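Right, one structure below, let's go through it.
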2 protein chains.
Amino acid sequence: MPTRVPQENRRRRPTRSGVLLSQGLIVETALRLIGEHGPEALSVRRLGSALGCDPSALYRYFRNTDDLVLAVADRIIGDAMEGFNPGPDWVASLREMALRVRAGYLAHPRAAAMASYRVTRRENEFRAVETGVGLLLSAGFAPDRAVRLYLAFIDTVLSHAAMEAACLALPRQQREADQQAWTEVYQTADSEAYPALSTVRGELHAMAESSFEEAVDLLLAALAAHAPAGQR
Amino acid sequence: MPTRVPQENRRRRPTRSGVLLSQGLIVETALRLIGEHGPEALSVRRLGSALGCDPSALYRYFRNTDDLVLAVADRIIGDAMEGFNPGPDWVASLREMALRVRAGYLAHPRAAAMASYRVTRRENEFRAVETGVGLLLSAGFAPDRAVRLYLAFIDTVLSHAAMEAACLALPRQQREADQQAWTEVYQTADSEAYPALSTVRGELHAMAESSFEEAVDLLLAALAAHAPAGQR
DNA sequence: CACTTTGCGTCAACGGTGTTGACATAAGCG
DNA sequence: CGCTTATGTCAACACCGTTGACGCAAAGTG
């Protein structure tokens with residue numbers, strides 16, 4: 001089988017349309033494709049024609065589509081954390097960290113949705129754990145508490161972001177149908193069978209929105225309340 | 001087009017292999033298929049042959065694959081919430097609801113991973129939302145706050161549960177490798193480059209455990225702190 | 001019982017997907 | 001210059017979701 005992943009700077013041959021392929025170019029084109037034409041636009045065949053090459057040429061650079069998706073995810077993580085420096089306020093710093101992770105995921109929802117549950121123990125994650133645990137230590141938590149609380153924090157952030165990304169990664173029709181359900185199907189709920197739903201009927205539209213910041217802020221409030229006094 | 005979703009108790013014809021189709025049977029078979037062979041094993045064609053019928057027969061019961069997936073998700077919710085009755089203590093009741101949803105997801109990890117972020121728009125979800133919102137109303141929150149806070153609560157529960165389920169759905173080797181990373185790779189972190197990691201080195205094993213209860217309890221603590229006085 | 005209606009299982013087909021093995025060709029080295 | 005080999009191209013395979021036409025048999029009616 002000729003499928004192998006080459007190192008950089010091997011000899012290249014331009015495609016029929018004159019493009020020089022590379023892992024970097026392929027990853028960037030994949031991100032562009034997703035960004036321009038929606039999540040469902042990422043297929044080997046479409047990627048091939050966007051690059052002006054035969055679809056099978058991509059298998060010279062990635063073992064399979066999954067391999068390609070992971071490469072894309074790696075790029076996203078790097079971009080999201082780039083240039084982040086925690087400040088003196090540990091609550092505010094954790095908050096910014098949360099928002100950065102989320103923004104990175106939402107910028108490329110489909111790739112994030114596909115890779116979010118995959119755990120890549122790499123340098124970027126190393127640095128993130130170091131930063132997060134360091135912030136909780138600076139808040140005065142003992143090491144064992146700091147680790148447990150960091151885990152609760154980062155799992156909340158990651159899982160919420162992944163969920164949001166997964167929603168965005170749905171085909172438009174399904175996503176919009178899910179959102180409209182709250183302002184349509186749920187509005188017709190029988191008042192007697194569902195008294196609570198009936199009471200909040202006018203507010204159900206909020207269900208279609210994101211709960212990310214609400215959840216993170218609630219969690220951070222609980223952390224601040226549990227912290228040894230006067231550390232913020 | 002002959003594609004329509006029938007009500008229950010319409011007349012039936014046995015398939016060529018003698019099975020009587022029904023929405024319930026199809027959903028159960030789908031759950032079994034996913035549980036045995038993973039989410040990617042769920043295709044209309046495979047489901048058809050597992051049921052002993054032509055793939056296109058399924059379109060008499062579900063509009064399309066997405067419709068089927070939503071039905072599967074709703075079944076999981078229903079199984080998890082079966083027999084649950086909220087008590088007078090709204091915090092304790094929300095806590096039990098969280099643990100039930102989690103248990104339901106962990107019982108079908110692979111199906112849960114693919115359905116967690118969907119709005120099923122079906123009866124079991126209806127009842128769950130009714131129960132949760134009702135508990136927050138009983139705590140004294142105004143309707144708009146109750147809806148927002150319920151969303152933050154249920155999203156935290158669902159996304160955490162989905163993340164756990166996704167980890168469980170990984171092949172054993174990969175899952176164990178991820179867990180061991182905390183007691184192996186992370187132990188070798190350079191003390192100077194990663195001072196915080198170095199400080200908590202002996203506690204990192206906790207990272208391989210679940211943060212579900214910790215996160216839910218932190219969130220519930222924040223909710224209790226925000227609640228109008230004396231309602232618990 | 002016979003007749004009509006129609007629910008629904010089956011079949012064949014369309015256009016999409018990821019992936020692979022065989023082949024051809026050009027890049028770069030000796 | 002010729003050889004080796006990396007790599008782009010092609011054709012093919014095995015899937016996928018979905019649809020429209022068809023016909024059987026079960027339910028409804030008298």
State whether the residues of the stretch A:158-167 include one that is more than 21 Å from the chain's Cα centre (by Cα), buried (at least 20 other Cβ atoms within 10 Å of the Cβ) and under 25 Å from residue B:215 (Cβ atoms). no
Here is a check on your reading of the model: is residue A:66 part of a helix (DSSP H, G or I) and more than 16 Å from DNA strand C (Cβ to nearest atom)? no
Could you grab me the full set of residues in the stretch A:55-97 that are within 16 Å of DNA strand D (Cβ to nearest atom) and either surrounded by 14 or more Cβ atoms within 10 Å (Cβ to Cβ) or modelled with pLDDT under 85 (or both)? A:55, A:57, A:58, A:59, A:60, A:61, A:62, A:65, A:67, A:68, A:71
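Any residue that is acidic (Asp, Glu), more than 7 Å from chain B (Cβ to nearest Cβ) and in contact (Cβ under 8 Å) with a residue 12 or more places away in the chain - is there at least one of those in the stretch A:165-179?
So far as the stretch A:165-179 goes, no, none of its residues is acidic (Asp, Glu), more than 7 Å from chain B (Cβ to nearest Cβ) and in contact (Cβ under 8 Å) with a residue 12 or more places away in the chain.
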Any chance residue B:103 is among the aliphatic types (A, V, I, L, M) and loosely packed, with under 15 Cβ neighbours inside 10 Å: yes
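Which ones in the stretch A:59-103 are among the hydroxyl-bearing types (Ser, Thr, Tyr) and over 21 Å from the mean Cα position of the chain (by Cα)?
Hits for the stretch A:59-103 are A:59, A:61.
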All conditions in (1) away from chain A (no Cβ under 14 Å); (2) touching an Asp or Glu at 6+ places or on another chain (Cβ under 6 Å) are true of residue B:49 except (2)
Restrict the check to the stretch B:75-93 and report whether at least one residue is within 16 Å of DNA strand C (Cβ to nearest atom), within 14 Å of chain A (Cβ to nearest Cβ) and not hydrophobic (A, V, I, L, M, F, W, C). no
Which numbered condition in (1) surrounded by 21 or more Cβ atoms within 10 Å (Cβ to Cβ); (2) not in a helix (DSSP H, G or I) is the only one that residue B:121 fails? (1)
If you go through A:146, A:181, A:152, the only one that is closer than 17 Å to residue B:128 by Cα and either surrounded by 18 or more Cβ atoms within 10 Å (Cβ to Cβ) or touching a Ser or Thr at 6+ places or on another chain (Cβ under 9 Å) (or both) is A:181
Residue B:63 within 14 Å of chain A (Cβ to nearest Cβ), basic (Lys, Arg) and within 30 Å of residue B:221 (Cβ to Cβ): no
Restricting attention to the stretch B:29-41, does a residue exist that is β-branched (Val, Ile, Thr), closer than 30 Å to residue B:135 by Cα and either exposed (fewer than 13 other Cβ atoms within 10 Å of the Cβ) or modelled with pLDDT under 95 (or both)? no
Picking from A:140, A:134, which residue would you name as being surrounded by 17 or more Cβ atoms within 10 Å (Cβ to Cβ) and either more than 8 Å from chain B (Cβ to nearest Cβ) or in contact with a helix residue (DSSP H, G or I) (Cβ under 6 Å, 6 or more places away or on another chain) (or both)? A:134
Take residue A:211 and decide whether it is under 17 Å from residue B:158 (Cα atoms), modelled with pLDDT of 90 or more and of a type in the set (S, T, N, Q). yes
Would the stretch A:40-59 turn up any residue that is over 21 Å from residue A:219 (Cβ atoms), in contact (Cβ under 8 Å) with a residue 12 or more places away in the chain, in the same structural domain as residue A:169 (by TED's automatic domain parsing) and more than 10 Å from DNA strand C (Cβ to nearest atom)? no
Cross-chain or 6+ apart pairs with Cβ under 7 Å, the stretch B:142-159 first and closer than 14 Å to residue A:216 by Cβ, then basic (Lys, Arg) and assigned to a helix (DSSP H, G or I): none
Given the structure, is residue B:98 away from DNA strand C (no atom under 16 Å from the Cβ) and either in contact with a Phe, Trp or Tyr (Cβ under 8 Å, 6 or more places away or on another chain) or among the hydrophobic types (A, V, I, L, M, F, W, C) (or both)? yes
Name the pairs whose Cβ atoms lie under 6 Å apart, with the first residue in the stretch A:192-207 and at the interface with chain B (Cβ under 7 Å from one of its Cβ atoms), the second aromatic (Phe, Trp, Tyr), and 6 or more positions between them or separate chains? A:204/A:182; A:204/A:186; A:207/A:182
Of everything in the stretch A:28-54 that's of a type in the set (A, V, I, L, M) and within 20 Å of residue A:13 (Cβ to Cβ), which residue is nearest to DNA strand D (Cβ to nearest atom)? A:51
Which of the numbered conditions does residue A:12 fail, given that it passes all the others? Conditions: (1) within 16 Å of DNA strand D (Cβ to nearest atom); (2) modelled with pLDDT of 85 or more. (2)
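The values are calculated or read from the model by the stated rules, or taken from the named source; none is laboratory data. All figures in this text were calculated on a predicted structure; none of them were measured in a lab. Note that we place each Cβ from the backbone using ideal geometry, even for glycine, and neighbour counts take in every protein chain shown.
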